[in-house]
Amino acid sequence: MMPRPILATIHTTALQHNLARAREQATGAKVWAVVKANAYGHGIERVYESFNSADGFALLDLAEAERLRKLGWAGPVLLLEGIFGPHDLAECERLDVWHTVHCNEQIAWLEQHQATQAHRVFLKMNSGMNRLGFTPVRFAAAWKRLNAIAHVKAHPQGIALATHFANSDGPGGFEAIRAQMEAFNQGTIGLPGERSLANSAATLAHASNHAVKAHWVRPGVMLYGASPHGTKPGAAEWSLKPTMSLNTRVIAVQDVQPGQSIGYGSTYTHPASAGAPLRIGVVACGYADGYPRHAPTHNAALGGAGVPVLVDGVRTRIVGRVSMDMITVDLTPVPKAGVGSEATMWGLSSGGALLPIDEVAEACGTVGYELMCALAPRVPVVVSAA
Ligand SMILES: *Cc1c(COP(=O)(O)O)cnc(C)c1O
């Protein structure tokens, strides 16, 4: 049986390289390798060996924490959103997992819990993002209430202090995070304990600032070779290497006559004025593989260039609407291409040509994070050192 030709490749050398880049950016700080969302779609089991020199793994889900323990990880594991209910506390003990505390309900659950061991917690401040955490004025009171819990106070490393930036990935340099830094510094005055603030964007752009770097950085997307800043600056400018490639093949070719349209909704029409047919390749990849259906056929904002794709390593564009199992691509720049030609949806072609995932994401109006996380379970995955 001939398998459908789509294949994702996870590049372990690049994973290791990107972790080393995080260390280099945050020299002296400890590094949480963020592996939530099944390691940003890569698979926790597939990235584990490349990341096992990290100081800890950060994620959201106790089931994912259990997978790390099964792989043999004995070091720190942190739940970035903490527990979702009181019964999770016994699981934290069983798996020896540290947890974020961001609300009074979580503190109450800890107070009422009959603990069998001490709990290491990261107390989270809402320093301006207004998602999780205690506001700066409420922070010290939350700390005191937590520290009064015997099984929290008993932990030799005490309570760590954390916050998260809303705008470390945008333009504006330090100004973009200044207000949150000031809120965090104000709200934590006099409190002991390790501190953690920086995601990938802050690790890349701001970790030369000691207060931002703090004791622990929490890089996620940069470990997977995408830039938190999209294409400006892009992954290559941050010296990050792509860790996921999505390759497939051309399974059919059509010559579309002038005036004819392509695909569902006929969203792309080969101009009637064109002097010759448009040669298109049908590639075995669709939204059921995780490719975004909202990919525009023709993006006026990109000068009509459309969403990029490589065919036999040559850059071209998708035309027509993405369907469940197929995408149509313009073969004009690759006249030799035909059935069996390789199509690189993002990442590296087998010949080593690169299509950055962030460029595909940007053309689709999203971020590299979403594309990698959306890789569908039906796509076969191989792990490669290359
Ligand atoms: C996801 C997450 C990170 C990692 O973010 P990236 O932008 O992928 O580096 C860091 N901290 C917290 C709290 C997160 O939820």
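The values are calculated or read from the model by the stated rules, or taken from the named source; none is laboratory data. Fair warning: this is a prediction, and the values are worked out from it, not measured in the lab. Cβ placement follows ideal geometry from the backbone for every residue including glycine, while neighbour counts extend to all protein chains displayed.
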Exercise for review: Confirm whether residue 322 is hydrophobic (A, V, I, L, M, F, W, C) and farther than 29 Å from residue 200 by Cβ.
Suggested key: no
Review point. Among (1) closer than 22 Å to residue 13 by Cβ; (2) surrounded by fewer than 24 Cβ atoms within 10 Å (Cβ to Cβ); (3) within 14 Å of the ligand (Cβ to nearest atom), where does residue 241 come up short?
Key: (3)
Point to revise | Total residues in region 263-286, condition closer than 28 Å to residue 380 by Cα and either in a strand (DSSP E or B) or out of contact with any strand residue (DSSP E or B) (no Cβ under 9 Å at 6 or more places or on another chain) (or both) | key: 5
**Study point:** Selected residue (criterion: nearest to residue 91 (Cα to Cα)) from residues of region 119-144 that are more than 16 Å from the ligand (Cβ to nearest atom) and surrounded by fewer than 17 Cβ atoms within 10 Å (Cβ to Cβ)
**Key:** 144
Practice item. Output yes when any residue across region 103-119 is under 30 Å from residue 358 (Cβ atoms) and at pLDDT 95 or above, and no when none is. Key: no
Review point. Filtering region 188-228 down to residues that are assigned to a loop (DSSP other than H, G, I, E, B) and among the hydroxyl-bearing types (Ser, Thr, Tyr), which residue is farthest from residue 161 (Cα to Cα)?
Key: 227
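Among residues belonging to region 339-356 that are part of a loop (DSSP other than H, G, I, E, B) and not hydroxyl-bearing (Ser, Thr, Tyr), point out the one that is surrounded by the fewest Cβ atoms within 10 Å (Cβ to Cβ).
Step one: list which residues in region 339-356 are part of a loop (DSSP other than H, G, I, E, B), which gives 339-341, 349-353, 356.
If we keep only those that are not hydroxyl-bearing (Ser, Thr, Tyr) as well, we get 339-340, 351-353, 356.
Numbers: 339: 11, 340: 10, 351: 11, 352: 8, 353: 15, 356: 22.
Checked region 339-356; the qualifying residue surrounded by the fewest Cβ atoms within 10 Å (Cβ to Cβ) is 352.
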Exercise for review: Please verify whether region 182-204 includes one or more residues that are modelled with pLDDT of 95 or more, at positive phi and not polar (S, T, N, Q).
Suggested key: yes
Review point. Residue 103 versus (1) within 22 Å of the chain's Cα centre (by Cα); (2) farther than 14 Å from residue 151 by Cβ: which is the lone unmet condition?
Key: (1)
Check your understanding: What number of residues within region 39-80 satisfy the criterion of being within 16 Å of the ligand (Cβ to nearest atom) and either in a strand (DSSP E or B) or surrounded by fewer than 21 Cβ atoms within 10 Å (Cβ to Cβ) (or both)?
Key -> 13
Exercise for review: Check region 141-163 and report whether any residue there is among the charged types (D, E, K, R), in contact with a helix residue (DSSP H, G or I) (Cβ under 6 Å, 6 or more places away or on another chain) and modelled with pLDDT of 95 or more.
Suggested key: yes
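Can you confirm whether residue 174 is within 16 Å of the ligand (Cβ to nearest atom) and of a type outside the set (S, T, N, Q)? Full working, then the answer.
Working: within 16 Å of the ligand (Cβ to nearest atom): no; of a type outside the set (S, T, N, Q): yes.
When the stated conditions are applied, residue 174 does not pass them.
Report yes if residue 165 is within 16 Å of the ligand (Cβ to nearest atom), farther than 17 Å from residue 208 by Cα and touching a residue at least 12 places away in the same chain (Cβ under 8 Å), otherwise no. Steps first, answer last, please.
Values: within 16 Å of the ligand (Cβ to nearest atom): yes; farther than 17 Å from residue 208 by Cα: no; touching a residue at least 12 places away in the same chain (Cβ under 8 Å): yes.
Criteria not met by residue 165.
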**Study point:** Selection within region 357-386 - touching a strand residue (DSSP E or B) at 6+ places or on another chain (Cβ under 9 Å), surrounded by fewer than 17 Cβ atoms within 10 Å (Cβ to Cβ) and in a loop (DSSP other than H, G, I, E, B)
**Key:** 380, 385, 386
Check your understanding: Which ones in region 217-228 are near the ligand (Cβ under 10 Å from one of its atoms) and out of contact with any Asp or Glu (no Cβ under 6 Å at 6 or more places or on another chain)?
Key -> 217, 218, 219, 220, 221, 222, 223, 224
Point to revise | Leading residue by the ranking (farthest from the ligand (Cβ to nearest atom)) among those in region 81-94 that are touching a helix residue (DSSP H, G or I) at 6+ places or on another chain (Cβ under 7 Å) and over 22 Å from residue 31 (Cβ atoms) | key: 86
Check your understanding: For region 244-253, does any single residue satisfy the condition of being within 16 Å of the ligand (Cβ to nearest atom), surrounded by 15 or more Cβ atoms within 10 Å (Cβ to Cβ) and at pLDDT 95 or above?
Key -> yes
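Rundown of residues vs (1) over 17 Å from residue 22 (Cα atoms); (2) in a helix (DSSP H, G or I); (3) not polar (S, T, N, Q), yes/no style:
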position: 169; (1), (2), (3): no, no, yes
position: 173; (1), (2), (3): yes, no, yes
position: 176; (1), (2), (3): yes, yes, yes
position: 183; (1), (2), (3): yes, yes, yes
position: 186; (1), (2), (3): yes, yes, no
